[in-house]
1. With +1 on each Lys and Arg Cβ and -1 on each Asp and Glu Cβ, how big is the dipole of the chain about its Cα centre, in debye rounded to the nearest 20?
2. Please give the calculated 222 nm ellipticity per residue for the chain, where each DSSP H segment of at least 4 residues contributes -39500 (n - 2.57) and the sum is spread over every residue; nearest 500 deg cm²/dmol?
3. Taking the mean number of other Cβ atoms within 10 Å as a proxy for protection, how do you rank 151-163, 293-305, 180-192 from highest to lowest?
4. Given a 1.4 angstrom probe, what's the average accessible area per residue across the chain, in square angstrom?
5. Based on the alpha-carbon gyration tensor of segment 222-306 and its eigenvalue square roots a ≥ b ≥ c, which shape applies: rounded if a/c is under 1.5, prolate if not and a/b is larger than b/c, or oblate?
6. List the residues, sorted by chain then number, that are 5 or more residues from Ser292 or on another chain and whose placed amide H is less than 5 Å from its amide H.
7. I'd like to know which of Phe344, Met205, Ser91 lies farthest towards the positive end of the charge dipole of the chain, counting +1 on Cβ of Lys and Arg and -1 on Cβ of Asp and Glu.
8. Explain nothing, just the number: dipole magnitude of segment 240-337 about its Cα centre with +1 on each Lys and Arg Cβ and -1 on each Asp and Glu Cβ, in debye rounded to the nearest 20.
Amino acid sequence: MSIVKMAEQDQELISSNDILTTIYDVNRAIFRHLSIYSIDSCSLVCQSWAHLARLIKAQRHTIHALSYPRNPLSSAIEFPYLRSDFDTYLSSFIHDHLWSIPYLAFVVVTNNLEKKGFQSLSSTTDTPSPAKYPKRFRSETSTSNRTERCDILKPLTDHLNKSCQILVIVSDAIVASNEENQTNEIEQDEAIGILLLPRFPSNIMGIYPFEISSKTRMSDNMSRSDLHQYLGGIPDDIPIRCVIFFSSSPLSQTVNCIKKLLEYYSSDVAIIGGYIKRSRYNDRQTNERKHSSNNPCGIVLTGNRNHLNIRQILLNNHIQTREAIREKLKELKSVENQQCSHSFAIQVSCVARGLDFYNQESNVECSEFRNLFPKTPLIGIFGDGELGHNYLSNEDSKPSSFNDISHSYSTVFSLISIRL
């Protein structure tokens, strides 16, 4: 048999499916390097690319952290109040760097910025009324720029996908990280921090944002099922692993929920939170409230212990040096969270544990955390009281009452690690 004939037979053995499989693999390798925005654009090309785009997006679970401005403590930066600047920042991030579809945007914003909002410039053309003795060169029209206040939430709802819920926490000072995981404790400036959490498989980590009306009356005999409904509508058969709780004061709803959490879960739940100025929750479906409120709110996390590792430490008021902070933060490290591929952390500090507490040295506590966990996004607030406790192992003494987790002049760090 001639070489030419053998080559022709080999060619016949290569089906169109083999060629498409090769093209599919090449496309998949390329898609892995594209942002969500670019993948969505590619999905419009053909059904094959649309199918591949769905698979790639379902496999991504990247947690993103943003801060605006990106370097809020830089003395060379004057806060850009223009809505157009914030729009440009969000649009650029989403187009070029957003790697997963956000399920929840956890937003912290300084009190002054939330009050002022962003400024939108609009050009107005006014036609003056006729003058009795018009000047010879009087202009018939005049153009001026008028500024209008734009609510902090509006740019987020405009740019984020409609399935992304938004929880906004307003406090006098905040903790925010940018895309490079550079973290700042922002006390005297104005800034906004954003943590974008994707949707994970329910057995790995369930995310349930919640808001409880301050007018809600809770029974002292509240059942476990009722508690689950108040805290985001969690199915009865799914245990709660962690509750991130915010309230403007120790409202009865806050106290009652925490008491019942300690009753029904005893040593099996981590609780972290604090007292803030205001909050706002937008589920992007039914809740379109235009103004901030004093309602208790927060986030509940659920998940299998083989996939979700939670560790938490409390810095009491006697911990006042970098060395003491560092030693306490080391307790967050464990074999389990070192094996996890994704993580994020929450910091809740007393408003008095800032510059004045550390002799005008900035970023003391968050920088010590960053040194130990350089790749973990960190977000948080400075509040008027802290909720939290040590949550490290079964041997730890567990809180049994609300007073056991209510503190002042302290800081609570909670590290949430996810293993897929």
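1. The dipole of the chain has a size of about 1040 debye.
2. Computed ellipticity for the chain at 222 nm equals -8000 deg cm²/dmol.
3. Per-residue mean Cβ counts within 10 Å order the peptides as 293-305, 180-192, 151-163.
4. About 50 Å² of surface per residue is accessible.
5. prolate
6. Placed amide hydrogens put nothing under 5 Å from Ser292.
7. Going by the Cα projections, it comes out as Ser91.
8. The dipole of segment 240-337 has a size of about 320 debye.
The values are calculated or read from the model by the stated rules, or taken from the named source; none is laboratory data. Remember, predicted model here, so these are calculated numbers, not experimental data. We place every Cβ from the backbone using ideal geometry, glycine too, and count neighbours over all the protein chains shown. These accessible areas exclude ligands, DNA and RNA; they are computed on the full protein's heavy atoms, side chains included. Shrake-Rupley method; radii C 1.70, N 1.55, O 1.52, S 1.80 Å.
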